[in-house]
Amino acid sequence: NHPDLKSNLWINENEIPNNGVDDDNNGYVDDVHGINSFNENGNPQDKIGHGTLVAGVIGAIGNNGLGGSGVLWKTKIMAINGDNGHGVMSFEGAIRGGYYAATMGATVINGSWGTYTPSPALKQMIEDIAGYGAILVNAVGNNSNDIDRRHLEYPASYRLPNMITVTATNKKDELVHYADFGPKYVDIAAPGWGILTTKLGGGTTVSAGTSIAAPFVTAAVALVMAEFPELTYQQVKEKILNSVDIVLSLRDKVRSKGRLNLYKALAYPL
């Protein structure tokens, strides 16, 4: 219901709102804007605020005299709430959410979440959604870990072709002091410190972390896909990673050696 987000929400055109019926026979009743994949229902309402913070970076409406602006002024945000109402996700919820997003038409999925525990089923889901042309953009965590040496952050440590893994930088283009890193397993950096975004209940707040950096890259992927619909997800990923601003302090921290540059990503020739 946030006034800077609600008109950018995805709408499931095959579902009749609030009639208590699974009109499109996808297993979820009244999933008009998405699902709660933890509780397996059609109400993705954010309870703790994290999803609202992330959504604002991606698609807070621009030029409307309210709050701030996301990267994408006009977009379709499919809301998938995977937690138990207290900030804890289950593997089953994450997996159901990923399959739902891809099968319902999402081409880029933002994953501002992670776990220390590997899951073959989670890995399989990410591999499967590649068949729908979908990219998962995932935060790498906020524990100061070199995940190349200690593969403690999943799904980032899977290094799958249809994934982009993201760490966070501050206003000086330096790695945020608690952000995870790794020159093989972390693909790119993006701003993740002092970011103005939407907050639960309305208005704006300032947030930080790799969860806030990832949606910058998610939005960049979405914009490149919209501008170049003929590209494969592999080509979109190539444009994003090969067009970064090279940053000396990131040289041995991320695979691309740099921080996202959306303008250059759009202009990068293939």
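Of all DSSP beta bridges located in the chain, what percent are antiparallel, nearest 5?
Bridges in the chain are about 35 percent antiparallel.
Which loop chymotrypsin sites (Phe, Trp or Tyr not before Pro) in segment 37-121, with loop taken from DSSP, have no more than 16 other Cβ atoms within 10 angstrom of their Cβ? Write out the running numbers ahead of the final one.
Numbers: sites: 38, 73, 91, 99, 100, 113, 116; in loops: 38, 73, 113, 116.
Passing both the DSSP loop test and the Cβ count: 73, 116.
How many Å² of accessible area per residue for the chain, probe 1.4 Å?
Working: 12490 Å² over 270 residues.
Per residue, the chain has 46 Å² of solvent-accessible surface.
Given the peptides 209-216, 167-174, arrange them by the average over their residues of other C-beta atoms within 10 Å, most packed first.
Ranked by mean Cβ neighbours within 10 Å, highest first: 209-216, 167-174.
Hand me the trypsin sites (Lys or Arg not before Pro) from segment 190-270 located in a DSSP loop with no more than 15 other Cβ atoms within 10 Å, in residue order please.
251
Which whole-number percent is the relative contact order of the chain (Cα, under 8 Å, 6+ apart)?
17 percent
Provide 128, 30 ordered by accessible surface of protein heavy atoms (probe 1.4 Å), highest first.
On the way: 128 60, 30 30 Å².
If we order 128, 30 from most to least accessible, we get 128, 30.
Percent antiparallel among DSSP beta bridges with both residues in segment 144-213, to the nearest 5? Could the numbers behind the result be given before it?
On the way: 5 of 10 bridges.
Of all bridge pairs located within segment 144-213, approximately 50 percent are antiparallel.
Taking H as built 1.01 Å from N, whose amide H comes closer than 5 Å to the amide H of residue 143, not counting residues under 5 places away?
Answer set, sorted by chain and number: 180.
Only Cα pairs under 8 Å and at least 6 apart count here; give the relative contact order of segment 64-193 as a rounded whole percent.
That works out to 20 percent.
I'd like the orientation of helix 50-59 relative to the chain: the angle between its Cα long axis and the longest Cα principal axis, in ° from 0 to 90, rounded to 10.
Roughly 80 degrees between the two axes.
Is it possible to state the helix-based mean residue ellipticity at 222 nm for the chain, with each DSSP H run of 4+ residues giving -39500 (n - 2.57), the sum divided by total residues, to the nearest 500 deg cm²/dmol? What is it?
Only helices count here, giving -7500 deg cm²/dmol.
Using alpha carbon centroids, what distance separates segment 134-208 and segment 62-115, in Å?
15 Å
Quick one: which residues, 5 or more positions from residue 135 or on another chain, have an amide H under 5 Å from its amide H? H modelled 1.01 Å from N in the peptide plane, none for Pro or chain starts.
Amide H to amide H, under 5 Å and 5 or more residues apart or across chains, residue 135 pairs with 108, 109.
If I fit a long axis through the Cα atoms of helix 120-129 and take the longest principal axis of the Cα atoms of the chain, what angle between them do I get, 0 to 90°, rounded to 10?
80 degrees
Around residue 87, with a cut-off of 12 angstrom between Cβ atoms, what is the net charge of the other residues, counting Lys and Arg +1 and Asp and Glu -1?
Local net charge: -1.
Order 109, 164, 80 by their accessible area, 1.4 angstrom probe, all chains in place, largest first.
80, 109, 164
Give me the lysines in straight-line cross-link reach of residue 239: C-alpha distance below 28 Å, same-chain residues under 8 apart excluded.
Within the straight-line cut-off, residue 239 pairs with 74, 76, 123, 171, 172, 184, 253, 257, 264.
If I take R0 = 22 Å and measure r between the Cβ atoms of residue 248 and residue 143 in this structure, what FRET efficiency does the formula 1/(1 + (r/R0)^6) give, to the nearest 0.05?
Working from the Cβ atoms, E equals 0.40.
As a test of reading the structure, rank 270, 160 by solvent-accessible area (1.4 Å probe, protein chains only), most first.
Values: 270 105, 160 15 Å².
The residues order as 270, 160, largest area first.
To test your reading of the geometry: what angle, between 0 and 90 degrees and rounded to tens, separates the Cα axis of helix 91-103 from the longest principal axis of the chain?
Helix 91-103 sits at roughly 80 degrees to that axis.
Within a Cβ distance under 13 Å of residue 139, other residues only, what is the Lys/Arg minus Asp/Glu net charge? Spell out each step's value before the answer.
On the way: positive: none; negative: 153, 180, 187.
For residues surrounding residue 139, the net value is -3.
Residue by residue, what Karplus-based ³J(HN,Hα) values in Hz, rounded to whole numbers, does segment 256-267 have, using 6.51, -1.76 and 1.60 with θ = phi - 60° and x for Gly and Pro?
7, 6, x, 10, 3, 10, 5, 4, 5, 5, 5, 8
Percent relative contact order of segment 4-148, based on C-alpha pairs within less than 8 angstrom and at least six residues apart?
19 percent
Once you list every other residue whose beta carbon is under 12 Å from the beta carbon of residue 265, what net charge do they have if Lys and Arg are +1 and Asp and Glu are -1?
+1
The values are calculated or read from the model by the stated rules, or taken from the named source; none is laboratory data. Please read all numbers here as calculations on a predicted model, not as lab measurements. Virtual Cβ from ideal backbone geometry, glycine too; neighbours counted across all protein chains shown. The accessibility values were calculated without ligands, DNA or RNA, using every heavy atom of the protein model including side chains. Shrake-Rupley method; radii C 1.70, N 1.55, O 1.52, S 1.80 Å.
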